[in-house]
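Notes for the one structure printed next.
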Ligand SMILES: [Zn+2]
Ligand SMILES: [Zn+2]
């Protein structure tokens with residue numbers, strides 16, 4: 001049974017509730033308590049959005065956001081290792097500047113598909129900087145080169161990379177021979193596709209021993225190189241400066257004095273942080289000796305990464321070159337945190353950093369796996385069919401006659417586009 005006291009309280013609350021609301025002139029009801037205006041109350045409480053209204057997302061959808069004139073966007077297109085895996089391609093980083101310039105740093109195995117997912121017309125992806133010539137840093141160059149030319153890079157692919165201690169270990173030698181290796185591929189496209197993107201790489205090979213030397217200077221952007229210590233002589237790291245920003249891309253290296261000096265106070269500094277020695281033994285099945293050598297001498301251990309970042313003090317430190325999983329990430333984090341307590345990102349593929357003077361925003365990109373190549377930024381050039389290299393008669397004689405089944409397609413396309421194309 002409800003007591004009189006409870007009834008009284010209930011009635012009093014109901015009266016108060018009625019008193020607390022009034023209808024304003026637009027018909028919206030709002031609380032009129034403690035002198036707060038309707039606007040102030042609205043600002044204090046989250047907007048009541050109907051389920052059919054769009055809401056802001058906390059991921060980056062490629063090609064959906066403007067880049068401010070004083071902003072940089074970095075997208076990890078490969079953060080893994082020489083051993084290929086679906087989740088992480090090998091080293092590749094796309095840096096977009098507010099002035100429209102775009103730079104690719106490394107193009108490791110598997111990374112070309114990550115680049116493709118970003119839906120940037122290939123004409124704007126013509127500047128590539130290689131830290132060194134391990135395949136996990138340039139193994140997808142052929143895919144970027146041929147696929148990019150096929151889908152809209154109507155200009156040479158420009159590549160900057162270090163010399164070696166002999167000419168054969170330099171970037172120019174590697175790329176000249178890669179181009180030669182593509183002879184069959186490129187010859188087969190003559191007279192069929194826009195030829196402008198298939199010309200030989202424009203290679204700028206610079207001295208790997210140069211310290212803070214300028215390797216690129218255009219459009220207000222300066223890129224310098226510093227030596228790195230890794231495997232053989234030759235590897236380098238890059239420092240890009242633009243509009244008061246400093247971005248550092250560290251290639252594979254044992255921690256070195258040049259990085260400690262020239263990466264200082266970067267807005268964003270990438271440096272390798274290899275898998276820990278115990279994990280190399282346990283998961284990679286390395287011998288203890290091999291794990292110690294690779295994990296602390298050929299590469300940088302997580303503890304050493306942290307120590308380097310404590311010296312450099314970037315606004316954001318980015319660690320990569322390890323398999324970033326639910327079980328390895330806590331281990332890597334703990335080791336880095338034993339020597340560094342500043343801002344940190346453990347990179348994985350499709351991680352995105354928006355960098356302004358005020359903030360460094362870190363998110364993941366959400367990409368469309370069914371993506372098609374972006375619309376070329378310029379009209380393709382119609383190729384000269386006379387450049388085609390014809391098959392031999394032996395091969396031509398092997399053609400099965402399909403003219404009847406393909407003719408309707410010819411008729412339809414000829415009519416639709418006002419052409420008079422004939423089957424071979
Ligand atoms: Zn390497
Ligand atoms: Zn590597």
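Derivation of every value follows stated rules applied to the coordinates shown; laboratory data play no part. Treat the numbers as computed from the prediction; the structure is a model and nothing was measured. Here Cβ is always computed from backbone atoms with ideal geometry, including for glycine, and neighbour counts include all displayed protein chains.
Need one number: nm distance between label points at residue 192 and residue 135, each 7 Å from Cα along Cα→Cβ, rounded to one decimal.
Inter-label distance under the simple model: 2.6 nm.
Please work out the Cα center distance from the range 278-312 to the range 77-112, rounded to the nearest Å.
22 Å
D for the chain, whole µm²/s, Stokes-Einstein with Kirkwood Rh over alpha-carbon pairs at 20 °C and 1.002 mPa s: what number? All intermediate terms of the calculation are to be shown ahead of the outcome.
Values: Rh = 25.3 Å.
D, rounded to a whole number, is 85 µm²/s.
May I ask you to compute the full-extension gain from residue 333 to residue 113, defined as 0.36 nm times their residue separation minus their alpha-carbon distance, rounded to one decimal in nm?
On the way: separation 220, 0.36 × 220 = 79.20 nm, distance 2.84 nm.
Additional length available on full extension: 76.4 nm.
How would you rank 215, 248, 405, going from fewest to most other Cβ atoms within 10 Å of each one's own Cβ?
Details: 215 20, 248 25, 405 8.
Listing 215, 248, 405 from fewest to most nearby Cβ atoms yields 405, 215, 248.
How big is the range 69-147 along each principal axis, measuring the range of its Cα positions in Å and listing the largest first?
38, 23, 23
Sorted by average packing, counted as other Cβ atoms within 10 angstrom per residue and highest first, what order do 280-290, 307-317, 351-361, 379-389 take?
Numbers: 280-290: 13.9, 307-317: 20.0, 351-361: 16.1, 379-389: 10.5.
Descending packing order for the listed peptides: 307-317, 351-361, 280-290, 379-389.
Can you put 245, 105 in order of Cβ neighbours within 10 angstrom, beginning with the fewest? Before the final figure, lay out the partial values.
Details: 245 20, 105 28.
Lowest to highest Cβ neighbour count: 245, 105.
Provide Rg over Rh for the range 209-337; use the alpha carbon set for both Rg and the Kirkwood Rh (inverse mean inverse pair distance).
Details: Rg = 15.3 Å, Rh = 15.1 Å.
So for the range 209-337, dividing Rg by the Kirkwood Rh gives 1.01.
Which residue fluctuates most in the GNM of the chain (Cα springs below 10 Å): 51, 162, 376?
51
When the chain is modelled as a GNM with alpha-carbon springs shorter than 10 Å, which of 91, 273, 345 fluctuates the most?
345
Mind computing the radius of gyration and Dmax over the alpha-carbon atoms of the range 276-424? Å is fine for both.
Cα-based Rg and Dmax for the range 276-424 come out at 28.2, 73 Å.
What does the helix-only formula give at 222 nm for the chain: each DSSP H stretch with n ≥ 4 adding -39500 (n - 2.57), the total divided by the residues, and the result rounded to the nearest 500 deg cm²/dmol?
Numbers: 14 runs with 118 residues, N = 424.
Helix contribution divided over all residues of the chain: -7500 deg cm²/dmol.
Counting other beta carbons within 10 Å of each Cβ, put 177, 134, 271 in order, fewest first.
Numbers: 177 11, 134 22, 271 27.
Lowest to highest Cβ neighbour count: 177, 134, 271.
Work out the FRET efficiency for residue 409 and residue 282 from their Cβ-Cβ distance, taking R0 = 45 Å, and round it to the nearest 0.05. Don't skip to the end; give the middle numbers.
Numbers: r = 57 Å, r/R0 = 1.27.
The pair residue 409/residue 282 has a calculated efficiency of 0.20.
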